[in-house]
Amino acid sequence: MAPLSDDQATEESDTDTLALPGDGLREGIVDDLRERIGDALIDAHISPNDDLWVRVTTDGWKDTGTALKAAGFDHFCFLSAIDWMPSPYGTGEDDPDAEPKEPDTEIVQGVTGGETRLQVFARLTDLDRHVGITIKADVPDDEPLVDTWTESFAGANWHERECHEMFGIGFVGHPDLRNMYLPTDFEGHPLRKDFPLLARMVKPWPGIVDVEPMPEFDEEEKNDDQKEDESTEGESS
Amino acid sequence: MGLVDRGRMPAPLTKLFNMSRSYSLWVYQWGLACCAIEMGAAFGSPRYDVMRLGVIPLPASPRQADFVCISGTVTDKMAPAIKRLWEQMPEPKYSISMGSCANCGGPYWDSYSVTKGVDQIIPIDVYVPGCPPRPEALLEGVVLLQQRIKNEDMAAKWRGDEYRNNRREYEVDDGGYRTHGVSGDPIPSNVPPREPIVVGGGPIE
Amino acid sequence: MTMLSDRQQLSYIASQAADARLNVELETEGMTLNIGPQHPATHGTLRIICRLDGEQVVWAEPSAGYMHRGYEKLTEVRTFPQVTTLINRIDWLGSFANEVPFILAAEKLMEIEAPPRAQVIRTILFELSRIANVSLFLGDLGVQMGAITPVFLAFRDREYVLNLIEGATGGRFHPNFDRIGGLKDDLPKGWIDETRQVMIKLQQFCDTIEDLLFGNEIFQSRMRGIGIIPADIAKSYGLSGANLRASGIDYDLRRDQELPMAWDKADWRVWTHPDGDSFARCWVRLQETRESCKIVEQLLDQIPAGPIMTKVPRIIKVPEGEAWVATENPLGEMGYYVVSKGDLGPFRVKIRSASFNNISVVPWALKGVYVPDVITILASLYFILGDIDR
Ligand code: SF4
């Protein structure tokens, strides 16, 4: 039986750190991906010296995963979704007495755009070239279904379960879309923007109201105090 | 002890029993979240050394425990398990709720999956506030619990005159007639509701 | 794939056999073993359901969610400064480290950077929380195998680190010290000297643990060649941190990406181990604690003078955009994908926590192992419940 490697035998590692990736590399990655998946690639966005986003069609979602894995992006980071609809309930930080604002209903997708309310997005890393990529795809509004990534990335299994539970997005071909976090009889998809936080509706966040002045101060002191309050607030916020 | 179940007990004997009970408390550690680590530091580490208070942090199952220390966030999914374990504990049993989460939901007061206060599920004797409370605060909670045990009238408890101490356990219906929140039995009007103890709410004598 | 050792092959064959037995008729009567949700080996409330055939696990499934607190939803109704309070509590043992990637993401969107002094102090506190975190892991490791002493040692020496964190930030556990644009406060007087002494103590602690545990024969025989995770499996499950490096992959976000932090100012190395077994994972963590001590010691000499806060507006509004920042947290890669719409609070925050991915490999890793190994494999994967369930 071959001996297991010795403790001390770790590879000499940090002597030749690879150069950090530049934008040229990212452009090359996009070109390479376009070659692999063709028209499925809708849009790409490179934030200079920082990060890379691509958006693919819903049908090309699965192939993108396979293609990127073949292109060296074999470390699975995460998979999740975004609900781009502005929350009809606001942030819960508004003054309860003030006139309620007209809720914003315009759906604006972020980087690389999009057409639907829900988008799935995932991130993969290339551990050799030290570069990551964020992939987005639209999820059809009428039938929130996309293909699963579990065939290329085993780790996607749990992420898709979580996503299914939180957003109600179905993953075609996923082996087991059980609830993961919530009790089985939980209703609704918590991370959708139209899911209300009941506790906040019952009792608005108490921090909205200014703290009442201490009763034993006389007028003058109170004014001073308030000024001080304001200035310290400025520092701390 | 036949005396106890007959509902009569001489005062000196009560005192002796209570004293012995309060200094040999076996605690079941129910660590749920961040507070569990501070509970571990209080119960399991050489610096805080809970055994000097007569608390034995070892029972492997709730069936051997005298009190349970619930520390951390209680979620709706966890709540049934907590109730089940509480029911497995033999009487007389006590409970400490450690941390803002267990007391009232804490930073997750508006979350969709967190139970806002473990006292909705089981009665709590001592509340230890903080996020997380320092181990010293938990030890003070233990001391306060011991004081409560020392002043207890076991016989009255046996007769059912004195109900468990949680306010939420009492429910007042329309006629001003109280029922026991858990068992639903009517409560005699001369039994005062017991105040919950809050660490930091008053001095230790 | 790389060359497999004989032990690796044996364990692979065992897992294949377990698979086959599950598919074909079970020969012996199966039994279901439920571990948790309240079990000392699960660091909280993880529940693991194993189906056994004799002494061998043929199927295992962790059932999470007992600690799901809904962070991602709650961040949507908090302002940016409020979010730090919340996310502190995800990985509760290394809480300062949780704040850093989020703050960095917000700073990236605002296009500001903390002053150099704040960067160095951030890095020091980051590494201190790593030490506080991993030292408890090292102590706990013994408990999983029936040795009580290491955990006492860990709690004792961890107190020193917690005292340091408390001295600088005011909180033992959840400091909430990082601010967008810098830090809340400067270091107190005398803190640097004390830190130096504590680092010496912590290095001694590492030596003690190495003597007590890693050289121990029982420890070795229960850890070596057990729970092997090959590199390609590790990558496709997205393992990170020490779990990834123990499978021989040389990747550390502290070194391999550019961040406005001070790791590049110190001289340290990334440890890897080619085996990928339980022992390798623990061993890599032990070495990392030592490296952290070294990083802190070196950075203490290099704290530049200057302010600790850049100019930020009184009310923080983060401009519209999306940013992803991940750092090498004690448990592995922890990242925040922050989407802002120019409001007071974030529009969506995806929290990528290390333990979630690390524990998703459990069904694969437990297949074909014996019941006593379940506990050691779980312990060596090292997870924190808040980090899985969020
Ligand atoms: S009270 Fe604070 S420290 Fe304790 S479990 Fe809750 S969040 Fe964690």
| note | Subset of the range A:89-116, residues surrounded by 19 or more Cβ atoms within 10 Å (Cβ to Cβ) and either modelled with pLDDT of 80 or more or acidic (D, E) (or both), comes to none
| Taking interchain pairs and intrachain pairs at least six residues apart, which have beta carbon atoms under 7 angstrom, with the first residue in the range C:151-169 and facing chain B (nearest Cβ under 8 Å) and without any contact (Cβ under 8 Å) to a residue 40 or more places away in the chain and the second among the charged types (D, E, K, R) and open to solvent by 40 Å² or more (accessible area, probe 1.4 Å)? | C:R156/B:R47; C:E159/B:R47
| Within the range C:226-238, is there a residue that is within 16 Å of the ligand (Cβ to nearest atom), more than 20 Å from C:M334 (Cα to Cα) and open to solvent by 30 Å² or more (accessible area, probe 1.4 Å)? | no
| task | Would you kindly identify the helices (runs of 4 or more DSSP H) lying entirely within the range C:216-295 that contain at least 1 residues that are free of Cβ contacts under 8 Å to residues at least 40 places away in the same chain and under 27 Å from A:W149 (Cβ atoms)? | result | C:231-236, C:242-245, C:253-256
| task | Read through the list (1) within 16 Å of the ligand (Cβ to nearest atom); (2) part of a helix (DSSP H, G or I); (3) within 27 Å of C:E166 (Cβ to Cβ); (4) hydrophobic (A, V, I, L, M, F, W, C), then give the number of the only condition that B:I82 fails. | result | (3)
| field | Members of the range C:356-386 found to be within 11 Å of another protein chain (Cβ to nearest Cβ) and not aliphatic (A, V, I, L, M), listed by number | value | C:F356, C:N357, C:N358, C:S360, C:P363, C:W364, C:G386
| request: Quick one: count up the residues across the range B:85-112 that are more than 9 Å from the ligand (Cβ to nearest atom) and in contact (Cβ under 8 Å) with a residue 40 or more places away in the chain. | output: 5
| query | Between a first residue in the range C:302-318 that is outside any loop (DSSP other than H, G, I, E, B) and a second residue that is not basic (K, R), which pairs have beta carbons less than 6 Å apart while being 6 or more apart in sequence or on different chains? | reply | C:M309/C:G181; C:M309/C:G182
| query | Here are C:Y66, C:Y160, C:Y71: which of them is open to solvent by 10 Å² or more (accessible area, probe 1.4 Å) and either of a type in the set (V, I, T) or within 16 Å of the ligand (Cβ to nearest atom) (or both)? | reply | C:Y66
| task | Hey, can you tell me all the residues within the range C:74-101 that are assigned to a helix (DSSP H, G or I) and open to solvent by 10 Å² or more (accessible area, probe 1.4 Å)? | result | C:P81, C:Q82, C:T85
| query | Of the numbered conditions (1) under 27 Å from B:N18 (Cα atoms); (2) within 14 Å of the ligand (Cβ to nearest atom), B:C131 satisfies every one except a single condition; which is it? | reply | (1)
| field | Qualifying helices (runs of 4 or more DSSP H) (wholly inside the range C:332-383; at least 2 residues being surrounded by 24 or more Cβ atoms within 10 Å (Cβ to Cβ)) | value | C:354-360, C:371-381
| Whichever residue in the range A:117-129 is open to solvent by less than 20 Å² (accessible area, probe 1.4 Å) and either among the β-branched types (V, I, T) or part of a loop (DSSP other than H, G, I, E, B) (or both) and, among such residues, is farthest from the other protein chains (Cβ to nearest Cβ) | A:V120
| query | Among the residues of the range B:117-128, how many are open to solvent by 20 Å² or more (accessible area, probe 1.4 Å) and within 12 Å of the ligand (Cβ to nearest atom)? | reply | 1
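Just checking, how many residues over the range B:13-51 are of a type in the set (F, W, Y), closer than 19 Å to B:I82 by Cβ and more than 16 Å from the ligand (Cβ to nearest atom)?
As a first pass, look at the range B:13-51 and keep what is of a type in the set (F, W, Y): B:17, B:23, B:26, B:28, B:30, B:43, B:48.
From what is left, the residues that are closer than 19 Å to B:I82 by Cβ are B:26, B:28, B:30, B:43.
This time we only want the ones that are more than 16 Å from the ligand (Cβ to nearest atom), so: B:26, B:28.
Going through the range B:13-51 one residue at a time, the tally reaches 2.
If you take the residues of the range B:52-77 that are in a loop (DSSP other than H, G, I, E, B) and within 12 Å of the ligand (Cβ to nearest atom), which of them is nearest to the other protein chains (Cβ to nearest Cβ)?
Looking at the filtered set, the residue picked out is B:T73.
The values are calculated or read from the model by the stated rules, or taken from the named source; none is laboratory data. No experiment lies behind these values; they were computed from the predicted model shown. Glycine also receives a Cβ, built like all others from the backbone with ideal geometry; neighbour counts cover every protein chain displayed. When the accessible area is computed, the model is the full protein with side chains, heavy atoms only, and any ligands, DNA or RNA have been set aside. Shrake-Rupley method; radii C 1.70, N 1.55, O 1.52, S 1.80 Å.
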